[in-house]
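For reference, the structure discussed in these notes is given below.
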Ligand code: BG6
């Protein structure tokens, strides 16, 4: 069990305290950190939202949320009760004037606390909440503001949000969350690349044939159809999570692990991404939308039925892209990425496929030229596998087969994997922004996404349909097979 170092005492104000993110992610994450002794007893978590509610009623809501979203084996009644005692509540209108004096009075009780303001609200409110915090004198050296995605829906709206927040908070106090960066295995990518000599030497176009990044989900749009239909998979997943994974895969070694060194290197990758133009949009992109099908053996509706019978939506629920990073290291190495809702498996992985050996001394039927692959599994069953060729045992001649050098994190570390939000929330209190996105990263990623969205908008054809429970439209398979390659499937 790793040593837990307590963070400084804090008052975390969560705007959007009755929303889905607070209920499903933030409260459980804070509960776990409290239970493990990382949160000092003088800290408070102050829920803020428009609803009038007593502190007791807020604590009851939180108790229900924790019972739903924390497994029973981790819910210790005493710890739960003690955690709830740290919860407070104040009714505040993020867009208007009501409630701010009450919040200011509550915070004034403990002026020396670290003060994260977590904006788990609609991004439309980010500007007005920040302005109100400033007007009421609630921003000091120990304050930080945490912004959830989506930060805008294109470059223009992202800039407007960044400008509004930047007017009252300096960049070092702004923490833009991409929760993929808080996943243990994503951080492991940094360890794998920069704490081991053997891989980094191979991380070049001379040795690597191509890279694949897959983030598959079995869920549909759940209760978020309203948001999702104005977003789609490119904005919801690619502009942030998948591009961030690509950055960690492709970036040069940062000078140190400090926030700006890491973000400088990621930014260079984003800048090196070749924009997708109307001329190549057909060849290097596939958009899909799920139709009725079956997931986990259960029949499910199509996307349009999930929207309540809307028939005209052209929103994509699946994207596959062939990307190029234009740099010396990566010239000529395609990055194939795909993500979608209602796929057969919840699975996130990065596959680095090395070049096949240039010549085989083994008989043709013995797989002598099967390339090596490094598979970094982000979820579920986190781990790292290196597929290497080995000789089949026995006297039957020289037959080869691919075998895994396999590190399963669960078996190796035998401990619970903390949720990404646990790590990220503690980093906010510590003031460590390494795993958060800087303004320029978000904006460069939007500029790249905007050109693709524009190229798609100009095309007459809608996204291709795929049955729920499949790996997207067949065109996504063709996208990679045209290049003589295939999407990685688990070896059995
Ligand atoms: C969110 C997206 O950012 O990430 C969701 O808005 C998606 O649509 C989710 O379901 C996936 O996160 P995870 O951690 O379950 O892979």
(request) Classify the stretch 270-320 as rounded, prolate or oblate, taking a ≥ b ≥ c as the square roots of the eigenvalues of its Cα gyration tensor: rounded when a/c is under 1.5, otherwise prolate if a/b is larger than b/c and oblate if not. (result) prolate
(request) Counting only DSSP beta bridges with both residues in the chain, tell me the antiparallel percent, nearest 5. (result) 55 percent
(request) Would you work out if the stretch 1-62 is rounded, prolate or oblate? Take a ≥ b ≥ c from the square roots of the eigenvalues of the alpha-carbon gyration tensor; rounded if a/c is under 1.5, else prolate when a/b is larger than b/c, oblate otherwise. (result) prolate
(message) From zero outward in steps of 5 Å, how is the percent of C-alpha pairs of the stretch 444-485 spread across the bins?
(response) 6, 18, 15, 17, 25, 18, 2
(request) If a/c stays under 1.5 just call it rounded; otherwise compare a/b with b/c (prolate if a/b is bigger, oblate if not). Do that for the stretch 258-373, with a ≥ b ≥ c from the square roots of the Cα gyration tensor eigenvalues. (result) oblate
(message) Can you give me the C-alpha center-to-center distance between the stretch 318-359 and the stretch 88-145, rounded to a whole angstrom?
(response) 42 Å
(message) Please list, short to long, the whole-number percent of alpha-carbon pairs of the stretch 394-440 in consecutive 10 angstrom bins beginning at zero.
(response) 18, 24, 22, 17, 10, 9, 1
(request) Give me the compactness ratio for the stretch 366-408, meaning the Cα radius of gyration over 2.2 N^0.38 Å. (result) 1.38
(request) Sort out for me the Cα centre separation of the stretch 13-72 from the stretch 208-278, rounded to whole Å. (result) 29 Å
(message) I'd like the orientation of helix 420-430 relative to the chain: the angle between its Cα long axis and the longest Cα principal axis, in ° from 0 to 90, rounded to 10.
(response) 50 degrees
(request) Normalising by the residue count of the stretch 181-481, find the relative contact order in percent from Cα pairs under 8 Å and 6+ residues apart. (result) 28 percent
(message) For a distance above 20 Å, tell me the whole-number percent of Cα pairs in the stretch 88-175 that qualify.
(response) 31 percent
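With an 8 Å cut-off on Cα pairs and a minimum separation of 6 or more residues, tell me the relative contact order of the stretch 11-148 in percent.
32 percent
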(message) So for the stretch 364-492, averaging the separation of alpha carbon pairs under 8 Å that are six or more residues apart and normalising by length, what relative contact order in percent results?
(response) 13 percent
(message) What is the ratio of the Cα radius of gyration of the stretch 349-465 to 2.2 N^0.38 Å, with N the residue count, to two decimals?
(response) 1.67
(message) Pairwise over distinct Cα atoms, reciprocal of the mean inverse distance: report the Kirkwood radius of the stretch 29-99 in Å, one decimal place.
(response) 13.0 Å
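If packing is taken as the mean number of other Cβ atoms within 10 Å per residue, what is the order of 313-323, 203-213, highest first?
313-323, 203-213
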(request) Starting from one equal scatterer on each C-alpha and no solvent at all, send me the Debye-based log10 I(q)/I(0) for the chain at q = 0.05, 0.07, 0.08, 0.12 Å⁻¹, two decimals. (result) -0.21, -0.41, -0.54, -1.18
(request) State the volume of the convex hull built on the alpha-carbon positions of the stretch 11-148, expressed per residue in Å³ and rounded to an integer. (result) 99 Å³
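FYI, it's all coordinate maths here, none of it is from the lab. Just so we're clear, the structure is a prediction, and the values are computed from it rather than from any experiment. Every residue, glycine as well, gets a Cβ built from its backbone with ideal geometry; the counts of neighbours run over all protein chains shown.
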